[in-house]
Amino acid sequence: AQSVTQPDIHITVSEGASLELRCNYSYGATPYLFWYVQSPGQGLQLLLKYFSGDTLVQGIKGFEAEFKRSQSSFNLRKPSVHWSDAAEYFCAVGLDNTDKLIFGTGTRLQVFP
Amino acid sequence: EPEVTQTPSHQVTQMGQEVILRCVPISNHLYFYWYRQILGQKVEFLVSFYNNEISEKSEIFDDQFSVERPDGSNFTLKIRSTKLEDSAMYFCASSGAATAKETQYFGPGTRLLVL
């Protein structure tokens with residue numbers, strides 16, 4: 001079945017540690033890929049997106065993500081996490097034949113000082 | 001920076017009551033969306049709206065739901081007779097175009113609780 005999977009429901013890291021949040025998708029064609037972040041009381045904010053070209057994309061707040069076609073993955077990374085990065089992170093895909101974004105279940109990031 | 005706003009931030013209602021959730025999209029955007037997130041579940045698409053018409057809707061968006069752009073700035077979602085299972089966070093979004101590549105900008109959400 002077509003889906004977006006975020007295998008990690010909850011991740012805890014220490015401030016300054018590196019971070020990788022996983023996202024896998026199962027669609028026939030390469031979808032358009034997005035990462036959104038939701039801080040408490042805030043809306044969903046776009047971190048970065050991938051359509052084509054360079055498979056390593058840079059986003060806001062020091063985040064990057066790498067598209068790997070062979071693994072159907074679009075993992076989000078940050079080399080050094082800050083306490084303010086504590087939030088919920090959503091991977092989403094867009095497809096040419098629909099208006100909607102299809103979201104994963106989200107990963108809640110907790111950062112310890 | 002322009003942003004999508006939503007009111008109210010929280011709403012509590014009794015089962016069977018009508019609720020209207022309001023959104024003010026980004027001013028030059030023409031495409032509008034509603035999504036919802038039931039606690040602990042995925043963010044799910046409800047409906048997209050363009051040129052005063054529904055462009056696409058999901059199976060969730062049944063006859064109990066309706067959307068409207070009553071003036072040049074607001075975009076509303078109405079639930080005619082709320083059910084317990086309508087309790088969720090409702091997100092409005094807008095975009096400048098309707099292609100899959102176009103970024104959808106989301107509001108902060110309205111948390112609806114149906115008792």
Fill in: Unmet requirement for B:Lys42, which otherwise passes all of (1) within 10 Å of chain A (Cβ to nearest Cβ); (2) over 30 Å from A:Tyr50 (Cβ atoms)
(2)
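Keeping to region A:28-47, report how many residues are farther than 26 Å from B:Arg111 by Cα and more than 10 Å from chain B (Cβ to nearest Cβ).
Result for region A:28-47: 4.
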Item to complete: Among the candidates A:Ala65, A:Ala86, single out the residue that is in contact with a strand residue (DSSP E or B) (Cβ under 8 Å, 6 or more places away or on another chain), modelled with pLDDT of 95 or more and surrounded by fewer than 21 Cβ atoms within 10 Å (Cβ to Cβ).
Response: A:Ala86
Worksheet item: Can you name the residue in region A:90-110 that is closer than 19 Å to A:Pro7 by Cα and open to solvent by 30 Å² or more (accessible area, probe 1.4 Å) and, of all such residues, is nearest to the other protein chains (Cβ to nearest Cβ)?
Response: A:Thr105
Discussion item. For region B:1-43, which positions are at pLDDT below 95 and among the charged types (D, E, K, R)?
Written reply: B:Glu1, B:Glu3, B:Lys42
Discussion item. Given (1) more than 16 Å from B:Trp34 (Cα to Cα); (2) open to solvent by less than 50 Å² (accessible area, probe 1.4 Å); (3) within 14 Å of chain A (Cβ to nearest Cβ); (4) not polar (S, T, N, Q), identify the lone condition not met by B:Ala97.
Written reply: (1)
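Among the residues in region B:72-92, are any at the interface with chain A (Cβ under 8 Å from one of its Cβ atoms) and buried (at least 19 other Cβ atoms within 10 Å of the Cβ)?
Yes, because at least one residue in region B:72-92 is at the interface with chain A (Cβ under 8 Å from one of its Cβ atoms) and buried (at least 19 other Cβ atoms within 10 Å of the Cβ).
The values are calculated or read from the model by the stated rules, or taken from the named source; none is laboratory data. The structure displayed is predicted, hence computed values, not measured ones. Heads up, the Cβs are rebuilt from the backbone with ideal geometry, glycines too, and the neighbour counts pull from every protein chain shown. What goes into the accessible areas is simple: the full protein's heavy atoms, side chains included, and nothing from ligands, DNA or RNA. Shrake-Rupley method; radii C 1.70, N 1.55, O 1.52, S 1.80 Å.
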